[in-house]
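See structure below.
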Amino acid sequence: MDALNATFGNKICFSLCLFGLCLLVASSTTSLAEPKTHKHEFVIQATPVKRLCKSRNSITVNGQFPGPTLEVNNGDTLVVKVTNRAQYNVTIHWHGIRQMRTGWADGPEFVTQCPIRSGGSYTYRFTIQGQEGTLWWHAHSSWLRATVYGALIIHPKQGDSYPFTKPKRETTLLLGEWWNANPINVLRQSTRTGGAPNVSDAYTINGQPGDLYNCSSKDTVIVPIDSSETNLLRVINAALNQPLFFSVANHKLTVVSADASYTKPFTTTVLMLGPGQTTDVLITGDQPPARYYLAARAYFSAHNAAFDNTTTTAILEYKSAPCSPNCKKGPTAKPIMPQLPAFNDTNTASAFTKSFRSPRKVEVPTEIDENLFFTIGLGLNNCPKNFGSQRCQGPNGTRFTASMNNVSFVLPNNISILQAYQQNIPGVFTTDFPANPPRKFDYTGNVSRSLWQPMPGTRGYKLKYGSRVQVVLQDTSIVTPENHPIHLHGYDFYILAEGFGNFNAKTDTKKFNLVDPPMRNTVAVPANGWAVIRFVADNPGAWIMHCHLDVHINWGLAMVFLVDNGMEALNAIFGNKNRFSLSLFSLCLLLASSTISLAEPKIHKHEFVIQATKVKRLCKTHNSITVNGQYPGPTLEVNNGDTLVVKVTNKARYNATIHWHGIRQMRTGWADGPEFVTQCPIRPGGSYTYRFTIQGQEGTLWWHAHSSWLRATVYGALIIHPKQGDSYPFTKPKRETAILLGEWWDANPIDVVRQATRTGAAPNVSDAYTINGQPGDLYNCSSKDTVIVPIDVGETNLLRVINAALNQPLFFSVANHKLTVVSADASYTKPFTTTVLMLGPGQTTDVLITGDQPPARYYLAASAYFSAQNAAFDNTTTTAILEYRSAPCSPNCKNGPTVKPIMPQLPAFNDTNTASAFTRSFRSPRKVEVPTEIDENLFFTVGLGLNNCPNNFRARRCQGPNGTRFTASMNNVSFVFPTISILQAYQQNIPGVFTADFPANPPLTFDYTGNVSRSLWQPTPGTRGYKLKYGSRVQIVLQDTSIVTPENHPIHLHGYDFYILAEGFGNFNAQNDPKKFNLVDPPMRNTVAVPVNGWAVIRFVADNPGVWLMHCHLDVHITWGLAMVFLVDNGVGALQSIEPPPADLPLC
């Protein structure tokens, strides 16, 4: 045995290889025929399929419904390359194949593999070992198997024969279900509402409903037979959710095999097959030549529930029948209908399943190492507090669920369990699935409602290799008793007994058949009853056991066995380094946000060239730094779930980085972009490729330079549309327009900040504001380039407004039009109507505007909201024009437009009341999960300061107030950027770059918004960060101060969104102000406008490891030091740790 176990070790000599080859040959004692390798290609694609008078695009394999029948011999190898050209993720499961040591080919999504993405492919390779009979293959992703399935016929080895007389012909009969709707949408609706899914519209035989349904007669399946000949019917229940009775009128059926295991033959007139089960029967042409229906209808054991109570038919047609399809007028004799049992005839169903026996005595394990007892059944979850009634449409306002041993199984969504198990990746599953119900009760009686709500979890049960396992499967009457077809992947098992009521360990064991029990891969556990199975755990891997009613597995009626490898290579799962490498692990991660929509994400590749470009504004031409020669830069459009790959080449004379403002950068902090925080800059002549995935975000964000003041001209929009197939939570607008608000200097912005840094004074203010790079016709030399925003009467336009200004919060309005706010910072909001927006730099707001005014020309206008005291600012107004196409005169007029646009009434520059009323109007569209317990309760002051003039500085370098130099700080720490990236130093433990002692509170408590002592005006410089444990729940009070001047500060946190719980004026009061917190539907943002002389409170969970900058988005303030960094630890395992740095990460 040791030699056998060592045969396939990593270091094997020729003699052992030859010995192993001999062993493989030795197993073929009756046939020396050479096994074959069968190669197939499956293309998953959408195909128009017409049924029940309607045509719809159905997902098929190779355009066939059902899919191709595969025929092999015992011992052969199947190699099937699956290419996915559909819009959904997909996997293929080879139902009933034991997959000895080839678990990677088993197929269940996120159990043994990550799904095949649209455009991707995967090759399944496995060998048939010791199996003969009828199996099948089907999709194992969502409800795709409604149409993605086909037969897998395993003939005996070449030269061997059946254990019964070879039939004249063989016919495969696939019983299925058909929905007029897209089955994926049926499931999505059920998931959304929490109710039971809509039942099917028809059953089918080989994809055809049969002539009892509308528009179906001419395609009814014909099964030919001659008098006295025998036909082997291979019957497969491929229905999604329904056990089925099957019968042939006036004919007896001799059962010879089930689930690719031969049986002791027995005769019946009716079969009952649970979904997933197969039964092979012999039928003989021993009746008068005629036409006889083969028919199938529901066996439905649940109480008080809807089901499809129709009947599908095919026709058994004798060639010598009085009239066949060859008659010129077609067949005239109506087929004879069989007498099918009543839909709830449990006695017939049970009598049939109890009739199975193995054809001879078998070696049933008599000693048991693992004696397991699993309850199976439904449940009801109480409606979560943040769900509306439309999401809780189960009984009495609940949501349906299901479980085994009170554990409702949750599939992972970013890595397969098998991969995590093989590679010891933590955090994906636990191994604490209970061996028995957590509490004993009267399983089939009147169960207490306290037991109806199971616990969710991805929990497995570990089995040692070779352990002998017994599982009692006990149905429960929770919600309703029901017949459950329980399927175990990777194994066949013996069914020792079944019965009704509660299993009794003392008396029911006496009923066990230990002589010739049937071998199956799917057992029909009786309604309000039990079944007992046994098997030997001799196939290492991760094997799911689940109910084959697909609605039940969606609700959680599943678990996984984690079977250890044995001692040697032959007892271990095959390695799969080529197909399941770290690259596939990364691919799995890209799928993590795909929990609602199954549309396939895309990869968008772009190239940015940062370069000097001549740009003329306000009558003057400047060499401005741009991307690809465009100002503003390119607009990037993606869908939620897509990946962006942007190669940035720097051909300018300045160092540069690009920040993707608002992108959460889950575990991809190296792509975040702030100079010397997450990366060293891209030097002139260098390049760097930013790669990241959009995860769970929709709406308007933007990108910009994050080096010095380059973002004055280096910026653009980043539009995130919903996943393909999903929609906005509002009516889709006729058009969408990005509105980028900016600032323009007649001087080089880099020179402006350099002068301010040199002198210690405030920088020169901008010379104009812009909309999409144009100042508008209120400025000199600007009228002809004023941006036009077209609109038609009655149409709606989605304006995506972005404040890309360097240093100025802005009011924005459209003359005579109301704006309906629907989103901010790529988070949907509860819609509200306003006539004016206020956006701090960095913030975005999406608004709907409707063409409901007289056709004319109306200004869109933006001007400063300026809250600082006694300081200069740009007090001009930028405009664009909302132009109705039917306005009296358009730009197409020969002499140009004659109608002067109407100007909106913008607030006064210092109208803090309007600004505050606007920011307080935001709410999330529904109740959200705000952290209620806090691990880190932080209090950060934000504001300006003044440094005394250093002794070695001359007066011209200290031109701030009273011969000082401007500075800024958080908690009296003025942030200093290092000369190496903090993230690199943090990850590589490089000392001397930063300290982790940023204070959790101000070093001194004072009257923050009052008359502050001058002794507090000079902060301490430092590169100081605050450490957060992974998963910690963080609250920050952001408190403006009146040092130098109070001011509205747009505080932006990289790498996170956060909830804004409250804001107010004056000093935050820890006793009274928490009473004002909105813990129900606070808005989610990435940038919060801290009120002038006031405060704001935010909360978030530190679930994104890395180094994350928090700073004021007035760039002059970050230049002065109004910033800090959070240092978020890695969690446990790869999924909670930052990814390794890219190979082309710039060096300092």
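Scanning segment 310-344 for residues that are out of contact with any strand residue (DSSP E or B) (no Cβ under 8 Å at 6 or more places or on another chain) and at pLDDT 95 or above yields a total of 2.
For G150, indicate whether it is assigned by TED's automatic domain parsing to the domain that holds G133, touching a strand residue (DSSP E or B) at 6+ places or on another chain (Cβ under 9 Å) and within 22 Å of R56 (Cβ to Cβ). Considered against the rule, which asks whether it is assigned by TED's automatic domain parsing to the domain that holds G133, touching a strand residue (DSSP E or B) at 6+ places or on another chain (Cβ under 9 Å) and within 22 Å of R56 (Cβ to Cβ), G150 comes out as yes. Within segment 884-940, which residues are over 30 Å from G1031 (Cα atoms), among the hydrophobic types (A, V, I, L, M, F, W, C) and at pLDDT 90 or above? Selection gives I902, M903, L906, A908, F909, A915, A917, F918.
I'd like to check something: does segment 419-436 contain any residue that is assigned by TED's automatic domain parsing to the domain that holds A542 and more than 30 Å from S1137 (Cα to Cα)?
Yes.
Comparison of W137, W104 shows that the only residue that is part of a strand (DSSP E or B), closer than 25 Å to A542 by Cα and at pLDDT 95 or above is W137. Within segment 35-65, if we keep just the residues that are within 21 Å of S118 (Cα to Cα) and surrounded by 19 or more Cβ atoms within 10 Å (Cβ to Cβ), the residue that is farthest from the chain's Cα centre (by Cα) turns out to be F65.
To keep it simple, each residue is scored yes or no on (1) of a type in the set (A, V, I, L, M, F, W, C); (2) closer than 12 Å to A862 by Cβ.
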| position | (1), (2) |
| --- | --- |
| L740 | yes, yes |
| Q755 | no, no |
| R758 | no, no |
| P775 | no, yes |
| P790 | no, no |
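For segment 655-711, name all the residues that are modelled with pLDDT under 95 and on the phi > 0 side of the Ramachandran plot. Scanning segment 655-711 gives R667, G696.
Going by the conditions given, is L1079 outside any helix (DSSP H, G or I), surrounded by fewer than 24 Cβ atoms within 10 Å (Cβ to Cβ), modelled with pLDDT of 95 or more and not assigned by TED's automatic domain parsing to the domain that holds W702?
Numbers: outside any helix (DSSP H, G or I): yes; surrounded by fewer than 24 Cβ atoms within 10 Å (Cβ to Cβ): yes; modelled with pLDDT of 95 or more: yes; not assigned by TED's automatic domain parsing to the domain that holds W702: yes.
Taking the combined requirement at face value, the residue satisfies it.
Answer yes or no as to whether Y461 is of a type in the set (S, T, Y) and assigned to a strand (DSSP E or B). In short, yes.
N386 meets all of the listed conditions (1) modelled with pLDDT of 90 or more; (2) assigned by TED's automatic domain parsing to the domain that holds N483; (3) surrounded by fewer than 17 Cβ atoms within 10 Å (Cβ to Cβ); (4) not charged (D, E, K, R) but one, namely (1).
Just one of G9, G20, G67, G75 is at positive phi and either at pLDDT 95 or above or small (G, A, S) (or both); which is it?
On the way: G9 fails: at positive phi; G20 fails: at positive phi; G67 fails: at positive phi.
None of the others qualify; the one that does is G75.
Residues of segment 1018-1050 being over 30 Å from R667 (Cα atoms) and either at pLDDT below 95 or surrounded by fewer than 21 Cβ atoms within 10 Å (Cβ to Cβ) (or both), which ones? Passing the criteria: Q1018, T1020, S1042, T1045. Considering segment 454-481, and only residues there that are over 33 Å from the mean Cα position of the chain (by Cα), under 30 Å from V536 (Cβ atoms) and of a type in the set (G, A, S), the residue that is surrounded by the most Cβ atoms within 10 Å (Cβ to Cβ) turns out to be S467.
Would you point out which residue out of T1009, T967 is in a loop (DSSP other than H, G, I, E, B) and in the same structural domain as T1045 (by TED's automatic domain parsing)? Lay out the reasoning, then the answer.
On the way: T967 fails: in a loop (DSSP other than H, G, I, E, B).
The conditions single out T1009.
When we screen D777, D785, D751, D825 for residues that are over 30 Å from R954 (Cα atoms), acidic (D, E) and without any contact (Cβ under 8 Å) to a residue 60 or more places away in the chain, the only hit is D785. The number of residues in segment 639-668 being surrounded by 22 or more Cβ atoms within 10 Å (Cβ to Cβ), among the hydroxyl-bearing types (S, T, Y) and more than 25 Å from the chain's Cα centre (by Cα) comes to 1. Restrict the check to segment 949-967 and report whether at least one residue is surrounded by 14 or more Cβ atoms within 10 Å (Cβ to Cβ) and closer than 30 Å to D785 by Cβ. No: segment 949-967 contains no residue that is surrounded by 14 or more Cβ atoms within 10 Å (Cβ to Cβ) and closer than 30 Å to D785 by Cβ.
Results for (1) in a strand (DSSP E or B); (2) of a type outside the set (G, A, S), shown as yes or no for each residue.
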residue: S450; (1), (2): no, no
residue: P481; (1), (2): no, yes
residue: H487; (1), (2): yes, yes
residue: A497; (1), (2): yes, no
residue: K506; (1), (2): no, yes
residue: W543; (1), (2): yes, yes
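Filtered by the rule that a residue be crowded, with 23+ Cβ neighbours inside 10 Å and not in a strand (DSSP E or B), segment 789-806 gives A804, A805, L806.
The values are calculated or read from the model by the stated rules, or taken from the named source; none is laboratory data. All values derive from a computational prediction rather than experimental measurement. Reconstructed Cβ throughout: ideal geometry from the backbone, glycine too, with neighbour counts over all protein chains shown.
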